[in-house]
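Student: Pasting a structure here, questions to come.
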Amino acid sequence: MSEIIAANDGDFESHIKDTPMVIVDFWAPTCMPCRLMEPGLERIAASHARQVKVLKVNVNENPKTSSRYFVRTLPTLLFIKNGQVKTQIVGAVNPVQIEKTLREVG
Amino acid sequence: MDKNWDVIIVGGGPAGLAAAIYCGRALRKTLVLEKKVFGGQIVFSDIIENYPGFSEPIVPADLMEQMAKQAERYGVVLENDEALGLKREGGAWHVDVYQNQYAAKAILYAAGSSHRHLGVPGESELMGRGVSVCATCDAPFFKGRKVAVLGGGDTALYEALHLSKFAAEVSLIHRRDQFRAERILQDRVFRNEKIKAVWDSEVLRFKGSQKLEALEVRNKKTGAVAEMAFDGAFLAIGTIPNTGMLRGLVKLDENGYVLTDISLRTEAPGLFVSGEVIGGNRRQVAISTGMGVQAALSCEEYLSSLE
């Protein structure tokens, strides 16, 4: 079972380079919708373990990565395919919608 | 996942979860569908101070997590999926979700409301790039910066107070010359040196290329239009009810709110409503939970009458 990986400014690039499909969850401890969305993301990480890597980036500790993608709202989910941002979801969503977006992007 | 239920509750906010507790304790097979996060819109706030029974401010997400667990304790199933269609056929209700269809003897509709947007140029383009609907979520991005909050109700003033802990300057842009918010919040705002009110004003345009840079603001009394520089703008201008799915099933008023009796029944058999889909609700967690309980009791009365 694959889990969500906490990425940081230092290792973010290497995480997105070696995986065809990555979902990045930008979050902060003060963001309550982020906290409540996490179980859904864990479910995605587990059920798509072979095809998708799920990263989470704490924006308070990793300003470089969040400003690189102009993230100004939490939660923001980025869908990155082969290093390129394919789409993003701003605001809390359910796992079914995340899966739907994955199918559209993948 | 089971296809057949006694009750399907659409919406997992305070109204839906309070109803779920009562349906569960009535030993009804109950499913709650929530399209975003369990807990509803209140989890976008950082504190709640007026929910009876707590002498100290509490974190809304904690309160709502407890409410969800309380429902689960009585056998209620909580499912993070979206109700996409609702119809009555062959004496039962049918609910479509993304990849499934469920049937139920009764529906308790508590889908709440969504943040109202202004619908002016630049707003949707800059959403998530300086334009936000959640100060608790996004305040840390605006440390030492200039932000605006649009609105004059409880939510707007709470957002401004929260932002003042991070931002250098907070402007509360309101279309009237006084706030509607609780007096205790107004007192705090007027005493806060970082917050200033911009009265009688409306936002005509959100400006910026990659991110928000300024707002075009018109003074409604003088007609003067000014461009004001801001790094962030938070919308707190009210909500619209999530009742599109009920169109044609029940009577809605001109703003889309459900018209119901005090027992929260509707003219459709076995369809009950609660929370912010009902007009006149002042957006209080206590009101929504109370309505949820009432709707669940009416629903139980209906289910018993079928037996």
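All of the numbers you see were taken from the coordinates with simple rules; none came from a lab. Quantities reported herein were computed from a predicted structural model and do not represent experimental measurements. FYI the Cβ positions are ideal-geometry reconstructions off the backbone, even for glycines, and counts take in every protein chain you see.
Student: Need one number: nm distance between label points at residue B:3 and residue B:146, each 7 Å from Cα along Cα→Cβ, rounded to one decimal.
Tutor: Calculated label separation equals 6.1 nm.
Student: Past 25 Å, Cα to Cα, is the threshold; run A:64/B:194; A:17/B:143; A:56/A:81; A:56/B:146; A:64/A:86 against it and keep the listed order.
Tutor: Violating the 25 Å Cα-Cα cut-off are A:64/B:194; A:17/B:143; A:56/B:146.
Student: Another question, if that's okay. Rg and Dmax of the stretch A:63-102 over Cα atoms: what are they, in angstrom?
Tutor: Final numbers for Rg and Dmax: 10.7, 30 Å.
Student: Under the Kirkwood approximation applied to all pairs of distinct alpha-carbon atoms, what is the hydrodynamic radius of the stretch B:1-92 in Å?
Tutor: 14.0 Å
Student: Any idea what log10 I(q)/I(0) is at q = 0.13 Å⁻¹ for the protein assembly as shown, Debye with uniform C-alpha scatterers and no solvent?
Tutor: Rounded to two decimals, the profile gives -1.17.
Student: How high is the FRET efficiency between residue A:8 and residue B:182 when r is their beta carbon distance and R₀ equals 41 Å, given to the nearest 0.05?
Tutor: According to the calculation, E is roughly 0.50.
Student: Can you tell me the relative contact order of the stretch B:1-70? Whole percent, Cα pairs under 8 Å, sequence separation 6 or more.
Tutor: Reported relative contact order: 31 percent.
Student: Determine the calculated [θ] at 222 nm for chain B from helices alone, applying -39500 (n - 2.57) to every DSSP H run no shorter than 4 residues and normalising by the residue count; nearest 500 deg cm²/dmol.
Tutor: Dividing the helical sum by the residues of chain B leaves -7000 deg cm²/dmol.
Student: Rounded to the nearest 0.05, what FRET efficiency is calculated for residue B:286 and residue B:193 with R0 set to 56 Å and r the Cβ-Cβ distance? List each step's numbers first, then the result.
Tutor: Details: r = 32 Å, r/R0 = 0.57.
Approximately 0.95, to the nearest 0.05.
Student: Would you mind calculating the gained length between residue B:213 and residue B:261 on full extension (0.36 nm times residue separation, minus the Cα-Cα distance), in nm to one decimal?
Tutor: That works out to 12.5 nm of additional length.
Student: Oh, and also: Once the piece of chain linking residue B:117 and residue B:58 is laid out straight, how much longer is it, given 0.36 nm per residue of separation minus the C-alpha distance between them?
Tutor: Difference between extended and current length: 18.4 nm.
Student: Using just the Cα positions, wrap the stretch B:53-185 in a convex hull and report its mean projected area in square nanometres, one decimal place. If you can, show how the numbers build up before the last one.
Tutor: Values: hull surface 51.2 nm².
Average projection, Cα convex hull of the stretch B:53-185: 12.8 nm².
Student: For chain B, I need the span (max minus min coordinate) of the C-alpha atoms along each principal axis, in Å, sorted largest to smallest.
Tutor: Computed over chain B, the largest-to-smallest principal extents equal 65, 41, 33 Å.
Student: Students often check this: by mean Cβ neighbours within 10 Å, which of B:94-107, B:285-298 ranks highest, and how do the rest follow? Mind dumping the intermediate values first?
Tutor: Values: B:94-107: 17.9, B:285-298: 22.6.
The packing order, highest mean first, is B:285-298, B:94-107.
Student: In nanometres, what is the gap between the two model label sites at residue B:306 and residue A:46, each 7 Å from Cα along Cα-to-Cβ?
Tutor: With each label point 7 Å from Cα toward Cβ, the separation is 3.2 nm.
Student: For n ≥ 4 DSSP H runs only, could you compute -39500 (n - 2.57) per run for chain A, divide by its residues and tell me the 222 nm figure to the nearest 500?
Tutor: -10500 deg cm²/dmol
Student: Can you report the principal axis dimensions of the stretch B:106-253 using only the alpha carbons, biggest first, rounded to whole angstrom?
Tutor: Each principal axis gives a Cα extent; for the stretch B:106-253 these are 52, 37, 35 Å.
Student: So if each residue of separation counts as 0.36 nm, and I subtract the Cα-Cα distance between residue B:88 and residue B:239, what length gain in nm does that give?
Tutor: Value of the extension gain: 51.5 nm.
Student: On to the next question. Restricting to Cα pairs below 8 Å that are 6+ residues apart, what does the relative contact order work out to for the stretch B:59-105? Please round to a whole percent.
Tutor: Relative CO of the stretch B:59-105 lands at 22 percent.
Student: Something else: As an exercise, find the ratio Rg/Rh for chain A from alpha-carbon atoms, using the Kirkwood inverse-distance average for Rh.
Tutor: 0.91
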